[in-house]
Amino acid sequence: MNARVSYVDFPAQHKSMRAEVRRAVDRVLTRGNFILGEEVEAFEKRFAALCGVQHAIGVANGTDALILAFKALGIGAGDEVITAPNSFIASASSIALAGARPVFADVGPDLNIDPERIERAITPKTRAILPVHLTGRVADMDPILKIAERRRLYVIEDAAQSVGSLYRNRPSGSFGVMGCFSLHPLKNLNAAGDAGAITTNDGALCEKMKLLRNHGLRTRDEVAVWGLNSRLDTLQAAVLNCRLAHLDKTIRRRRQIAARYRRALSNVVECPAEAPHEFHTWHLFVIQCDRRDELQAHLARHGIESKIHYPIPLHLQPCSLALGYHKGDFPVCERLAGRILSIPVHQYLTNAQVDSVCKAIRQFYKRKA
Ligand SMILES: Cc1ncc(COP(=O)(O)O)c(C=O)c1O
C-alpha cells in the first residue's frame with residue numbers, strides 16, 4: 001500500500017525545482033568541470049554566509065566533515081572527545097576513526113547533551129566537546145562554551161541536522177572552532193546524493209581543511225600532508241546551489257507544520273518545545289509517548305510513515321563494546337530510546353495530511369480534538 005503520508009517526498013521536491021536543477025546539472029556536464037571549481041566555490045561562499053562564518057569547505061559527506069575536523073586539530077590516539085549517546089552513529093564513529101575515544105555524556109529532555117554531564121565526563125585526556133544539534137534544535141551552547149573555555153577544550157559542532165537553526169540569534173555552525181554539516185538527501189538542505197560541509201572562522205584551519213579534503217595536494221604535484229579524497233562533488237554543489245535558494249521556504253513550512261502538530265498534540269503526547277531564544281528548523285519532529293511501538297504500528301495501518309531516531313543508544317551498539325559502557329549508564333537517553341517517534345514533517349505535507357497524522361494519534365490514545 002502506498003503511504004498516504006510519507007516520511008519524505010523526493011518526487012515533490014524534484015517537481016518544485018526541476019527546471020533549475022536540470023539547467024545547473026547540464027552546465028556542469030557540458031563544461032566537464034567535475035572536480036571542485038566554480039560551483040563548489042559558489043556553494044561554499046553562500047553556505048558560509050548562511051552560517052554567519054568566514055569560511056565553508058565542501059566535503060564528501062557529514063561523517064568526513066567530522067573526521068577531517070578532528071584530524072585538522074590533531075585529535076587522535078590517546079585523546080577523548082565528549083559527545084551525546086543518542087545520535088546517529090557517525091557522531092561517535094568519526095571520533096573513533098580519527099583514532100580518539102568517544103566518551104558519552106547523557107542528554108536532557110530536549111534530546112541534546114546536558115552541559116552538567118559534560119563537566120563530569122571530562123578527564124585529563126579530553127580534548128574536545130562535540131555537541132550534536134539533534135533534530136534541528138541547537139544544543140545549550142552558552143554553558144557548553146563556558147565549560148570549554150574554562151577547561152581549554154575545543155568545541156566542534158555536529159551540525160548535521162541543524163542547517164539554518166539559531167540559538168540567541170547565532171546560526172548553528174558558528175559557535176565552535178568548526179561546525180560539521182551533512183547535506184545528505186534526508187537533510188533540510190539536501191544534495192542528490194552524499195555531501196557535507198565544514199564551517200569555521202579560522203583562516204588557517206580553512207586552508208588546512210582544503211588540503212586534507214584533497215589528498216593534501218598543495219599544487220597538482222606537491223603533497224603537503226597525508227590527506228583524504230573527500231571533496232564536495234561538483235554536480236552535488238550545483239544541485240545544492242539550487243536548493244539553497246529554497247531553504248528559507250523549506251524551513252518556514254517545516255515551522256508551520258511543527259506549530260500545527262504542537263497545537264493539536266500537546267495534550268496527547270509530549271511534543272518538542274522551542275524556547276524564545278531558539279529558532280528550530282525541525283529536521284525531525286520527535287514526539288515522546290507511551291506504547292510507542294504500538295502507536296507506530298497504528299500509524300502504519302493508517303498509511304502514515306514514522307521513524308525512530310534512534311532506537312539503540314550509541315553506547316549500547318555492538319561497535320561500542322570495547323568502550324566498556326553498560327545498560328543504565330545514560331538513563332535519560334535510554335528511556336528516550338523507548339519513547340521517541342519521529343512523525344513526518346517534510347515541507348511538502350499539506351495541512352490535511354498533518355491533520356490526518358494528528359487525528360490518527362488522538363484516535364490511538366482515544367482523545368478527542
Ligand atoms: C547527527 C549526525 N551526525 C553525522 C551524520 C553523518 O552525516 P553523513 O550521513 O552525511 O555522513 C549524520 C547524518 O545522518 C547525523 O544525523
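Could you say which residue among VAL53, VAL40 is in contact (Cβ under 8 Å) with a residue 24 or more places away in the chain and part of a loop (DSSP other than H, G, I, E, B)?
Going through VAL53, VAL40 in turn, just one is in contact (Cβ under 8 Å) with a residue 24 or more places away in the chain and part of a loop (DSSP other than H, G, I, E, B): VAL53.
Here's the yes/no breakdown for (1) more than 22 Å from the chain's Cα centre (by Cα); (2) not in a loop (DSSP other than H, G, I, E, B); (3) not β-branched (Val, Ile, Thr):
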{"position": "ASN190", "(1), (2), (3)": "no, no, yes"}
{"position": "VAL225", "(1), (2), (3)": "yes, no, no"}
{"position": "LEU295", "(1), (2), (3)": "yes, yes, yes"}
{"position": "HIS298", "(1), (2), (3)": "yes, yes, yes"}
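Only one residue in ALA65, ALA92 is buried (at least 24 other Cβ atoms within 10 Å of the Cβ), within 27 Å of ARG168 (Cβ to Cβ), in contact with a Ser or Thr (Cβ under 8 Å, 6 or more places away or on another chain) and not aromatic (Phe, Trp, Tyr). Which one? I'd like the intermediate steps shown before the answer.
Numbers: ALA92 fails: within 27 Å of ARG168 (Cβ to Cβ).
Residue meeting the stated conditions: ALA65.
State yes or no: is GLY179 part of a strand (DSSP E or B), at pLDDT 95 or above and under 11 Å from the mean Cα position of the chain (by Cα)? Walk me through how you get there before you give the answer.
Details: part of a strand (DSSP E or B): yes; at pLDDT 95 or above: yes; under 11 Å from the mean Cα position of the chain (by Cα): yes.
Yes.
Checking the condition outside any strand (DSSP E or B) and among the aliphatic types (A, V, I, L, M), which residue from VAL138, VAL155 passes?
Numbers: VAL155 fails: outside any strand (DSSP E or B).
Every option except VAL138 fails the conditions.
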- Task: Please state which of the following conditions PRO185 fails to meet, knowing it meets all the rest: (1) in contact with a Ser or Thr (Cβ under 9 Å, 6 or more places away or on another chain); (2) under 29 Å from SER6 (Cα atoms); (3) within 14 Å of the ligand (Cβ to nearest atom).
- Result: (1)
- Spot the failing condition for GLU157; the list is (1) on the phi > 0 side of the Ramachandran plot; (2) within 16 Å of the ligand (Cβ to nearest atom); (3) touching a Leu at 6+ places or on another chain (Cβ under 8 Å), and only one is missed. (1)
- Determine which single condition ASN112 fails, assuming it passes every other condition in (1) within 16 Å of the chain's Cα centre (by Cα); (2) buried (at least 24 other Cβ atoms within 10 Å of the Cβ). (2)
- Query: From the list ILE113, ILE89, ILE95, which residue is at pLDDT 95 or above, within 16 Å of VAL332 (Cα to Cα) and of a type in the set (A, V, I, L, M, F, W, C)?
  - Reply: ILE113
- Message: Being closer than 17 Å to ALA48 by Cα and touching a residue at least 60 places away in the same chain (Cβ under 8 Å) is the requirement here; does ASP158 meet it?
- Response: yes
- Checking ARG231, ARG151, ARG170 in turn, the sole residue that is within 20 Å of the chain's Cα centre (by Cα), in the same structural domain as VAL28 (by TED's automatic domain parsing) and away from the ligand (no atom under 16 Å from the Cβ) turns out to be ARG170
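Against the definition (crowded, with 21+ Cβ neighbours inside 10 Å, modelled with pLDDT of 95 or more and either closer than 30 Å to GLN347 by Cβ or not basic (Lys, Arg) (or both)), how does LEU235 come out, yes or no?
Working: crowded, with 21+ Cβ neighbours inside 10 Å: no; modelled with pLDDT of 95 or more: yes; either closer than 30 Å to GLN347 by Cβ or not basic (Lys, Arg) (or both): yes.
No; evaluated as a whole, the condition is false for this residue.
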- Note on the structure: Within the range 15-46, of all residues that are touching a helix residue (DSSP H, G or I) at 6+ places or on another chain (Cβ under 7 Å) and closer than 11 Å to ALA197 by Cα, the one surrounded by the fewest Cβ atoms within 10 Å (Cβ to Cβ) is VAL40
- Query: If we keep just the residues of the range 47-90 that are more than 17 Å from SER165 (Cβ to Cβ) and among the hydroxyl-bearing types (Ser, Thr, Tyr), which is farthest from the ligand (Cβ to nearest atom)?
  - Reply: THR83
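Collect the residues in the range 317-348 that are free of Cβ contacts under 8 Å to residues at least 40 places away in the same chain and either among the charged types (D, E, K, R) or surrounded by 19 or more Cβ atoms within 10 Å (Cβ to Cβ) (or both), keeping them in residue-number order.
Of all residues in the range 317-348, those free of Cβ contacts under 8 Å to residues at least 40 places away in the same chain come to 318, 321-322, 324, 326-328, 334-335.
Those that are free of Cβ contacts under 8 Å to residues at least 40 places away in the same chain and either among the charged types (D, E, K, R) or surrounded by 19 or more Cβ atoms within 10 Å (Cβ to Cβ) (or both): LYS327, GLU334, ARG335.
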- Among the residues of the range 95-109 satisfying the criterion of being more than 20 Å from the chain's Cα centre (by Cα) and among the small types (Gly, Ala, Ser), which is surrounded by the fewest Cβ atoms within 10 Å (Cβ to Cβ)? GLY99
- Message: For the condition assigned by TED's automatic domain parsing to the domain that holds VAL59, within 16 Å of the ligand (Cβ to nearest atom) and not hydrophobic (A, V, I, L, M, F, W, C), what is the one hit in HIS215, HIS133?
- Response: HIS133
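The values are calculated or read from the model by the stated rules, or taken from the named source; none is laboratory data. What you see is a predicted model, and the numbers here were worked out from it, not measured in a lab. No Cβ is skipped: glycine too gets one built from the backbone with ideal geometry, and neighbour counts run over all protein chains shown.
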